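These notes are about the structure you will find just below.
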Amino acid sequence: MERHKKNKIGRESSQNLYAPDSAESTDREEIAPETTEMVSDAEPEAKGPNLEEELQKEKDKYVRMYAEFENYKKRIIKEKEEITKYGNESLLYDLLPVIDNLEMAIKHSINDASIGDQPRLTGLVQGVEITLKEFLRVLERFGLVQINALNKSFDPSFHHAMSQIERDDIEDNMVIEEFRKGYMVGDKVLRPSLVAVSKKTEVKSQESEVSQKKENEEEKIEEER
């Protein structure tokens with residue numbers, strides 16, 4: 001009997017010794033899920049703003065790249081248009097002396113009265129005129145345009161004044177003579193026209209100023225009356 005009691009007391013004591021450990025372990029098991037849930041809840045809050053910032057950065061990069069690409073396309077289109085429009089500029093400029101020589105030959109033939117008595121020379125002049133017209137027609141297809149200077153107001157953007165001629169019957173700064181024709185390619189001046197510009201005589205200009213002042217004074221007097 002005594003041995004049986006001792007064994008029973010030993011088992012109970014052993015159960016009491018291991019009981020707290022088992023309780024702590026259960027408590028740990030119950031606490032552990034709560035901590036993991038807290039960590040899992042905290043992670044989205046930490047990662048959320050960083051993800052939005054990265055998305056915004058990528059969006060900004062895309063917008064900038066798209067704008068740069070659009071500007072690149074516009075620049076390429078503009079360069080192609082300029083090449084198409086002004087690509088023949090140097091060639092056309094080198095052909096201008098040929099036009100000048102043909103026009104000079106026709107001008108001299110008109111001034112030479114002896115050519116009219118020679119049918120062969122007359123036919124040659126007509127052939128040069130036809131050649132010049134056809135040549136200009138072909139060059140116009142490539143953008144060459146003559147500048148009309150005669151009887152126009154002097155414009156330094158299109159005309160280059162070689163001399164001034166006193167004329168009382170024409171207004172000041174009018175193109176009265178053209179020494180060499182000017183040409184344009186599109187809206188760009190390839191070569192300005194060499195011209196002579198009108199200028200009124202000083203005496204006449206002073207008289208006109210005096211007469212203009214008198215007219216103005218008479219008008220003022222009439223208004224006061």
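The values are calculated or read from the model by the stated rules, or taken from the named source; none is laboratory data. As the structure is a prediction and not an experimental result, all values here were calculated from the model. FYI the Cβ positions are ideal-geometry reconstructions off the backbone, even for glycines, and counts take in every protein chain you see.
Does Asp60 fit the bill of being closer than 30 Å to Lys181 by Cβ, of a type in the set (D, E, K, R) and modelled with pLDDT of 85 or more? No, not satisfied. Tell me yes or no: at least one residue of region 178-188 is of a type in the set (Val, Ile, Thr), touching a Ser or Thr at 6+ places or on another chain (Cβ under 8 Å), modelled with pLDDT of 90 or more and surrounded by 15 or more Cβ atoms within 10 Å (Cβ to Cβ). No, the conditions are met nowhere in region 178-188. Of the residues making up region 189-225, those that are modelled with pLDDT under 85 and hydrophobic (A, V, I, L, M, F, W, C) number 3.
Here Ala105 qualifies as at pLDDT below 90 and either surrounded by 11 or more Cβ atoms within 10 Å (Cβ to Cβ) or not in a helix (DSSP H, G or I) (or both).
Residue-by-condition table, conditions (1) small (Gly, Ala, Ser); (2) more than 25 Å from Leu92 (Cβ to Cβ); (3) in the same structural domain as Asn101 (by TED's automatic domain parsing):
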{"residue": "Asp169", "(1), (2), (3)": "no, yes, no"}
{"residue": "Gly182", "(1), (2), (3)": "yes, no, no"}
{"residue": "Pro192", "(1), (2), (3)": "no, no, no"}
{"residue": "Ala196", "(1), (2), (3)": "yes, yes, no"}
{"residue": "Lys199", "(1), (2), (3)": "no, yes, no"}
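Scan region 158-166 and tell me whether some residue there is of a type outside the set (A, V, I, L, M, F, W, C) and either assigned to a loop (DSSP other than H, G, I, E, B) or on the phi > 0 side of the Ramachandran plot (or both). Scanning region 158-166 turns up no residue that is of a type outside the set (A, V, I, L, M, F, W, C) and either assigned to a loop (DSSP other than H, G, I, E, B) or on the phi > 0 side of the Ramachandran plot (or both).
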